[in-house]
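A.B. asks: The structure under discussion is supplied below as structure tokens; questions concerning it will follow.
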Amino acid sequence: MDVVAVPGRPMGAAILDSLHAALTRYVILPSPAAVDAVTLWIAATHAQPAWAHAPRLVIRGPEKRCGKSRLLDVVESTCHDPFITVNSSPAAIYRSLNDDPPTMLVDEADTIFGQAAGGNEELRGLLNAGHQRNRPAKRWDVNTNTVESIPTFAMAALAGIGAMPDTIEDRAVIIRMRRRAPGETVSPYRHKRDRPRLRAIAHQLRTWLRADLPALEAAEPEMPVEDRAADTWEPLIAVADRAGSHWPKRARAAVLALTAEAASDDRGSIGVRLLVDCRTAFTGHTALSTANLLTRLNSDPEAPWREYGHGGLTAIKLGKLLAEYDIRSCNVRFTDGTQAKGYLKSHFVDAWNRYCPTPLTAVNTAEEGEPSQPSQPSHPWSERDGYTAWDGLSRPTDPHPPAVRQAPK
């Protein structure tokens, strides 16, 4: 597995090619983009001092025998200073981190974060905080009567069955492993025989990247994604750009492929799921009574709302969830003359655009060329919608009043 010098190919690219070949020798990954992403993630661990963010690598599969542990074996053999564990206490992990931290590798992570794991909020907090520099944990040292600042920053790979917590996957490169199909073969991995060969690649990665730390720290690569996804993938893109050859193009293709896959698999928080389901419920309606909206939400057999109690989601629980997005019920007069507590579609539009925009909304905004506007003070709903609030006592005088009255132009 020595690096093969090819005329015209930079040394960094040759080392990455060698690591790529080692991965595909021992593991069947789900796509070429996944192989490239894991290759770059491993390489990035050797330049941790240069990064502002420490991306997580989530290796997950739907069942046993999907190659998760084997991939973690190869990662352990090629990453920087591996710290592998199945079930360590938060205190042990805290004490293992320093200014040049090891690479944390957690196998069977589903036993830590699964439904039967019983908490582990401290470890989850460590993994969340450790994604970004300058997020130390504070502890009181009874021996010195002082506050101790413990670093949390470190790159980490977690392997397990099923999805990891949203807060971790939101900071991760996600590799969705599959069981090998008939005809798919790999070389057996033997720790004593194969690890020394892989550690030789790790040494080459360290020698190359540690010599380039100042340039990597100053790098501002052009990113095909934004926000937290850009923070997570930036170290990998910086390594690819430093390697040159075909790696910059392949790295950005991997970013787009895997972030799109993660987005299609991401159902968001329960609040975002509620916003999406409310948007469906409001199709063809400008207002819905609370009872009608609840009926529409609870009637979906695949939605989570039936789990919110014996009768499903209630008006009180609905109100609490929507209040987080500044959406509240009001008294509504409907076109048939009835009056009831309910919700106006216009009150959801801002939250829909911010938290669960549809592709059509994004296209329309781009075509109109309208940049995102700064937030403005929120006016009372009756003023925003030109709608006369019902006091809950009087009867409507118009036998066919509109559900929402338009403000005069």
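A.B. asks: Restricting to segment 94-112, name every residue that is of a type in the set (A, V, I, L, M, F, W, C) and either over 23 Å from the mean Cα position of the chain (by Cα) or part of a loop (DSSP other than H, G, I, E, B) (or both).
C.D. replies: Hits for segment 94-112 are L97, A109.
A.B. asks: Within segment 299-317, take every residue that is surrounded by 15 or more Cβ atoms within 10 Å (Cβ to Cβ) and part of a loop (DSSP other than H, G, I, E, B) and give me the one that is nearest to the chain's Cα centre (by Cα).
C.D. replies: Per the criteria, the residue is A303.
To keep it simple, each residue is scored yes or no on (1) surrounded by fewer than 18 Cβ atoms within 10 Å (Cβ to Cβ); (2) assigned by TED's automatic domain parsing to the domain that holds V106; (3) under 28 Å from G61 (Cα atoms).
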{"site": "M155", "(1), (2), (3)": "no, yes, yes"}
{"site": "M177", "(1), (2), (3)": "no, yes, yes"}
{"site": "A181", "(1), (2), (3)": "yes, yes, yes"}
{"site": "S187", "(1), (2), (3)": "yes, yes, yes"}
{"site": "A215", "(1), (2), (3)": "yes, yes, no"}
{"site": "A218", "(1), (2), (3)": "yes, yes, no"}
{"site": "A240", "(1), (2), (3)": "no, yes, yes"}
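A.B. asks: Can you pull out the residues in segment 318-359 that are assigned to a helix (DSSP H, G or I) and either basic (K, R) or over 23 Å from D227 (Cβ atoms) (or both)?
C.D. replies: L318, G319, K320, L321, L322, A323, K345, S346, H347, R354
A.B. asks: Could you list, in sequence order, the residues of segment 277-298 that are among the small types (G, A, S) and either surrounded by 13 or more Cβ atoms within 10 Å (Cβ to Cβ) or outside any helix (DSSP H, G or I) (or both)?
C.D. replies: Correct list: A281, G284, A287, S289.
A.B. asks: Another question about this same structure. Being assigned to a loop (DSSP other than H, G, I, E, B), under 28 Å from the mean Cα position of the chain (by Cα) and closer than 20 Å to S187 by Cβ narrows it down to one residue among L29, L71; which is it?
C.D. replies: From the options L29, L71, the qualifying one is L29.
Conditions tested, residue by residue: (1) hydrophobic (A, V, I, L, M, F, W, C); (2) in contact with a His (Cβ under 9 Å, 6 or more places away or on another chain).
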{"position": "Q132", "(1), (2)": "no, yes"}
{"position": "A157", "(1), (2)": "yes, no"}
{"position": "P165", "(1), (2)": "no, no"}
{"position": "R171", "(1), (2)": "no, yes"}
{"position": "P182", "(1), (2)": "no, no"}
{"position": "R197", "(1), (2)": "no, no"}
{"position": "A219", "(1), (2)": "yes, no"}
{"position": "M223", "(1), (2)": "yes, no"}
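A.B. asks: Here's another thing I want to ask about it. Please name all residue pairs, on different chains or six or more residues apart, with Cβ atoms under 9 Å, provided the first residue is in segment 311-323 and is without any contact (Cβ under 8 Å) to a residue 40 or more places away in the chain and the second residue is surrounded by fewer than 13 Cβ atoms within 10 Å (Cβ to Cβ) and not charged (D, E, K, R).
C.D. replies: Pairs found: G312/S299; A315/A291; K317/G309.
A.B. asks: Tell me which helices (runs of 4 or more DSSP H) are completely within segment 148-261 and hold 2 or more residues being more than 22 Å from L71 (Cβ to Cβ) and under 16 Å from the mean Cα position of the chain (by Cα), or say none if there are none.
C.D. replies: The helices (runs of 4 or more DSSP H) meeting that bar are 166-169, 227-243.
A.B. asks: Give just the number: which of (1) touching a helix residue (DSSP H, G or I) at 6+ places or on another chain (Cβ under 7 Å); (2) crowded, with 17+ Cβ neighbours inside 10 Å does G162 not satisfy?
C.D. replies: Exception for G162: condition (2).
The values are calculated or read from the model by the stated rules, or taken from the named source; none is laboratory data. In this text the structure is predicted, and so the values were computed from the model without any measurement. All Cβ positions, even for glycine, are placed from backbone atoms using ideal geometry, and neighbour counts span all protein chains on display.
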